[in-house]
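Take a look at the structure set out below.
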Amino acid sequence: MRRSRMGLSQKIVLISLITSLLVGGTVLRTPSETSEPDASPADKALEDLSRVEYPSLKSIRWHPHFIQPDESLETLFGRDWVWVARFNRIDRRHVYPGMTIKVPDSMNDIRGYTPLPRLYEPALRKEKYILVDLTEQWLGAYEHGKLVFSVPAATGRAEAPTPTGLFRISARDQNHTSSLYKTQNEEEQYPMDNAMRFYIDENSVGYWIHARDLPGRPASHGCIGLYDEAMQKRVFGYPDKPVLLDSEKVYDWAVGEADYEDDSGNQEELEDAPEVEVRGELPRYLPQSPFRR
């Protein structure tokens, strides 16, 4: 009987150990959508961008690349680093050793890449129209239905979603800052340069299109973030030479001084500004890299 009881105890311990390993492994392989957009080398699975599924990539051949020490987008791809950054919906500040990015088999496949339609029928009668696709994490600027340019975006994560539907820009603020959130070091309110408000919820919380970090996945508290390396250099000291300035481009096109009065740089209410359509659902996270065997 004593031998039987000891065997049962050993089985229980063994089962508990296996269960713990399986659960632990599952947690490590599942990205957290609640994490802040700053790179987290301690959780490499979180930054495996090969697991973020965008429908438009089905027509493009690509492979994952694990970032090694001393590697950067510039050292890996030269002048083409901009296209790779846009392809991954990520900025240079969030590329670090230990993470995985998507790399096209042929760089020609992603030069000028956009997942949005070149002609969008709902915008045909609109002088200017903004389309935001949550599934693709991308924003398009349309004039009379024709796509004039498009840029990557970082929208709200699952527990802080970006509202969907048809809205209109109602305010602009070049130097807006968040009243709710601070930078990672808690030293100042989070900057929201080139901000355009498109929605106010029942709690009087405003939702804006604005400059922010782009980590390659949904990451905001509900706003729509666009590249702005000038803001990143001012706040975080990196990159040294800003290149990606999408928030400034969209702001000038949508609510700039060419169509409105002189911009004071402070919050100003607007009338007859472009409509904003937000559609789709968040991109799917694959349980593991599609290239893992």
Counting only protein heavy atoms with a 1.4 Å probe and every protein chain in place, the carbon and sulfur fraction of the accessible surface of the range 240-293 in whole percent equals 44
For the range 125-134, Karplus couplings with θ = phi - 60° (6.51, -1.76, 1.60), whole Hz, Gly/Pro x: 9, 9, 4, 9, 8, 10, 10, 10, 9, 5
With no solvent and one point on each alpha carbon, what is the Debye value of log10 I(q)/I(0) for the range 80-138 at q = 0.12 Å⁻¹? -0.41
Local net charge near E229, Cβ-Cβ under 14 Å (Lys/Arg +1, Asp/Glu -1): 0
Starting from the range 192-293, pick out the chymotrypsin sites (Phe, Trp or Tyr not before Pro) whose DSSP state is loop and whose Cβ has at most 16 other Cβ atoms within 10 Å. Y260, F291
How much length is gained on full extension from K146 to L166, taking 0.36 nm per residue of separation minus their Cα-Cα distance? 5.4 nm
Heavy-atom surface of the range 39-149, accessible at 1.4 Å and reported per residue (Å²): 45
How far, in nm, would the chain grow between F66 and Y113 when pulled straight, counting 0.36 nm per residue and subtracting the alpha carbon separation? 14.7 nm
Could you tally the net charge around S247, taking each other residue with its Cβ under 9 Å from the Cβ of S247, Lys/Arg +1 and Asp/Glu -1? -2
Taking every Cα atom in the range 45-121, find the radius of gyration and the maximum pairwise distance Dmax, and write them in Å. 12.8, 47
With the Cα gyration tensor of the range 133-267 giving a ≥ b ≥ c as the square roots of its eigenvalues, does the rule (a/c under 1.5 for rounded; else a/b larger than b/c for prolate; else oblate) give rounded, prolate or oblate? rounded
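The values are calculated or read from the model by the stated rules, or taken from the named source; none is laboratory data. Quantities reported herein were computed from a predicted structural model and do not represent experimental measurements. Cβ: placed from backbone, ideal geometry, glycine included. Neighbour counts: every protein chain shown. All accessible areas refer to the heavy atoms of the entire protein, side chains included, with ligands and DNA or RNA removed. Shrake-Rupley method; radii C 1.70, N 1.55, O 1.52, S 1.80 Å.
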